[in-house]
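Here is the structure we will look at.
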Amino acid sequence: MAKRTQGRASLKAHPARERQIPTMKIRLIVMTIAAMLLVLSLYTLKDELPGRSSETFSSATIRQGSSGKDVVELQGRLRYLGYYEGKIDGSFGPKTKNSVTWFQWKFGMKSDGVVGAKTKLKLWEATKNWKPTAADFPGGESGTAAGGNAGNTGNAGNSGGDIGKSNKLNLSANDIKIMANAVYGESRGEPYEGQVAVAAVILNRLKSPEFPNSISGVIFQNLAFTAVADGQIWLTPNERAKKAVEDAINGWDPSDGCLYYFNPETATSKWIWSRQQVKTIGKHIFCM
């Protein structure tokens, strides 16, 4: 009898094991769905905790040419951090791209100016206390963010305190900051006069109808500056580069009005050699 009972018990064990298989599959499916929902919630940046920002990005990728609510929020958050000082207009133009690229570089991400899930998440994490006001929407007050944290980016462009006194071009702090980046990336190691001349060339282009009408537009114009192409534009400028920008803004133009310059030892463009050469400062030839 004992043997028969044992046999029946053994036979009943097999269906039990068979029932465990679909149960494990169901658990795996549930866990997978839960994980996907968690990731989705992070990417869409939904957060309803008190004291957090009330706006959230959609899942769409934002890039130059984009427009709408996502761009409005992007500009608002960047302005809160001090990376963007333009109008909140919901239009992703060169100035917005420049601000995005700057933010990405500062936070150790790929600096491509494209706002995907990673950039959105990083930006959201950096602006959890941002609360949009009327100034953060199209038609609101332009300029620096109301109640923002512009100081977080290191007093952009505040090189000597004298720029504002004679800043006839009405350049923003970000304009001055990116100019210092360009001067440092293009001409560190050059004599001081040569660094001022590089800054002056940028300003001369700003005034010329042949070039974009904004500092970021001039600097980031396609193939305009080597430092942009090789990434050295994002190196942190020293005080010398900042002072060179200040002197150029205050009217010193060692280039004598030139719009171009190049290093004859490294220049590969035949076109640049065709320009009228005016003078040489350090390793750079300045031309019209």
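Points worth noting:
- Members of region 81-99 found to be out of contact with any helix residue (DSSP H, G or I) (no Cβ under 7 Å at 6 or more places or on another chain) and at pLDDT 85 or above, listed by number: Asp89, Gly93, Lys97
- Pick from region 67-103, criterion of a type in the set (Asp, Glu) and part of a helix (DSSP H, G or I), ranking: nearest to Ala135 (Cα to Cα): Glu73
- Residues of region 39-75 satisfying the condition of being closer than 19 Å to Phe137 by Cβ and at pLDDT below 50: Leu45, Arg52, Ser53, Ser54
- Selection status of Trp105, of a type in the set (Phe, Trp, Tyr), touching a helix residue (DSSP H, G or I) at 6+ places or on another chain (Cβ under 9 Å), in contact (Cβ under 8 Å) with a residue 60 or more places away in the chain and surrounded by fewer than 22 Cβ atoms within 10 Å (Cβ to Cβ): yes
- Against the numbered list (1) touching a residue at least 12 places away in the same chain (Cβ under 8 Å); (2) within 21 Å of Pro94 (Cα to Cα); (3) not in a helix (DSSP H, G or I), Pro209 comes up short only at (1).
- Per this entry, Pro264 is counted among residues that are without any contact (Cβ under 8 Å) to a residue 24 or more places away in the chain, in contact with a Lys or Arg (Cβ under 9 Å, 6 or more places away or on another chain), loosely packed, with under 15 Cβ neighbours inside 10 Å and more than 23 Å from Thr101 (Cβ to Cβ).
- Check on Gln232, surrounded by 14 or more Cβ atoms within 10 Å (Cβ to Cβ), of a type in the set (S, T, N, Q), within 25 Å of Ser111 (Cα to Cα) and assigned by TED's automatic domain parsing to the domain that holds Ile178: yes
The values are calculated or read from the model by the stated rules, or taken from the named source; none is laboratory data. Everything quoted here is computed from the prediction, not taken from an experiment. No Cβ is skipped: glycine too gets one built from the backbone with ideal geometry, and neighbour counts run over all protein chains shown.
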